[in-house]
Amino acid sequence: MANTLSKKIIIVGGGAGGLELAAKLGRRFGRETVFLIDKEHDHIWKPSLHEVAAGTLDIHREGLSYFMLARDCHFTFLPGEMLALDRDKREISLAPVVGPDHEEVFPARSVEYDYLVLCVGSQTNFFGTKGADEYAVALDSTAQAERFRLKLLNELISTHKRAQKGLDDDLCISIVGGGATGVELAAELLEASADLHFYGVNTPGHTQQRAVRITLMEGADRILSALPEKVSASAHALLVQRGVRVQTGVRVAEIGKHVIIDAEGKEYPSDLCVWAAGIKAPAFLCHVGLPVNRLNQLIVDAYLRTEDPNIWAIGDCAQAPWGDSGTYLPARAQVAHQQASYLYRRFSQELRGRPPQQHPFQFKDYGSLVSVGQSRGVGSLMGVLVGRSWFVKGVLARGMYMSLHLMHHMAVLGWVRTFTLALGRLLSKRAAPRVKLH
Ligand SMILES: Cc1cc2nc3c(=O)[nH]c(=O)nc-3n(C[C@H](O)[C@H](O)[C@H](O)COP(=O)(O)OP(=O)(O)OC[C@H]3O[C@@H](n4cnc5c(N)ncnc54)[C@H](O)[C@@H]3O)c2cc1C
């Protein structure tokens, strides 16, 4: 036992998968054994980023400090961005951590491991679309979501500038990608922009406020094409009913400052564009000497192990087989959560000096739920939960959608703190403006 506990497990990436793994292992084996590395100082539940972008969720209240989590869950937190891997020396290299005035807080350093788990997530894939880098906003991080929120606020109050230029005064927001992220963002933005008008976001002397037109663009013939048809039809109807323009079968070819052009050359006015049409894993994974696919994802086997027997990968950054189906697991929080639980059991056995579990990882699909605003959702619950696929919508679906977030908090903080935190947030929501105005 003493021998195995002197081993070091290094987990890189404290997101939906990595943080849960670090918290569970830390509570059991302690900070001499379990180390978490992340390039950020605060953890945010990534599926909430569309709410940060719309201003309905305040990142300064929602973010959880990794240092605080490390103290409470008994793991060691090492801040820094992983840049490289030396498999022969079993060590990873971290970039220096710099402060707000570019002062060095931690120098560049190397960290040794016995077992390495990579859970560095994914980022937006623009697929080389012309102008996307310059004019489209991605929602990969809190910084990007905050940037979008401020742009939205500024656009809403810039009525007079546009009127002086004789421009159409509607604010056109386009969302490229009709998957779960695009649909959720469209609904959230619609509610938030109505609230911003309610709070009187305006410029002095201009009582006329800009109407917000939201267009959701999808290349396939229906939105939420990965989900059952009934779910996409229901989400489509809810969005249209609320005033979102849903354009399917549109292949975006170019993004300009105030326009989007599709593959047929048709132009769509666009003042703000969000790209939610695909992901890829971080580029540095292509240079760590392990096999990757065309999306930079590390290729892992049914035990979530890479080609190297001491390195595992979970979550969005891994291409893991989906049972014997011949397909791969989707990039979803539910997958990352279950993979973290699987590896927790595996390492628990190993660190206690027992032979690790032999059975491969099996994903249990509990279905997909999509939030369509603060009070509505749609989705399907899958066989493992209800015996057959079951369509849900409305407040029930929204409640179930929120439970995924609560389950994540529960795995990390335990149920007492999760309950206290949820209650605190519910109460503070009643006292604060519903959208963040500053
Ligand atoms: C707006 C939005 C809405 C979504 N909605 C849903 C939903 O409703 N349901 C659902 O199932 N999924 C949803 N997803 C997808 C879900 O968020 C991801 O599948 C999930 O977060 C993947 O977990 P992960 O642990 O692999 O990565 P992440 O949660 O992305 O965490 C990756 C972590 O790695 C860190 N990191 C990255 N690179 C490095 C590096 N080089 N060095 C150190 N640290 C690094 C990051 O800072 C981050 O903390 C949504 C995603 C977005 C963007």
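Data table
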item: Heavy-atom accessible area ranking, 1.4 Å probe, most first, across F106, F35; result: F106, F35
item: Rounded to whole Å, sorted largest first: equivalent-ellipsoid semi-axes of the range 211-300, Cα gyration tensor; result: 30, 19, 12
item: Descending Cα extents along the principal axes, the range 1-121, whole Å; result: 49, 33, 22
item: Ordering of 122-131, 139-148 by burial proxy (mean other Cβ atoms within 10 Å per residue, highest first); result: 139-148, 122-131
item: Carbon and sulfur %, accessible surface of the range 1-61 computed with the full protein complex present, 1.4 Å; result: 49 percent
item: Heavy-atom accessible area per residue - the range 1-154, 1.4 Å, Å²; result: 44 Å²
item: Exposure ranking of H74, H337, H408, H60 by accessible area [1.4 Å probe, largest first]; result: H60, H74, H337, H408
item: Accessible surface of I175 - all protein chains present, 1.4 Å probe, nearest 10 Å²; result: 0 Å²
item: Solvent exposure, largest accessible area first (probe 1.4 Å, DNA, RNA and ligands not counted), of K280, K230; result: K230, K280
item: Subset of K280/K364; K130/K257; K8/K89; K39/K280 violating a 20 Å alpha-carbon distance limit; result: K280/K364
item: Solvent-accessible surface (1.4 angstrom probe) belonging to S341, in square angstrom, nearest 10; result: 20 Å²
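The values are calculated or read from the model by the stated rules, or taken from the named source; none is laboratory data. Model, not experiment: these values are computed from the prediction. All Cβ positions, even for glycine, are placed from backbone atoms using ideal geometry, and neighbour counts span all protein chains on display. Only protein heavy atoms, including side chains, enter the accessible area calculation; ligands, DNA and RNA are left aside. Shrake-Rupley method; radii C 1.70, N 1.55, O 1.52, S 1.80 Å.
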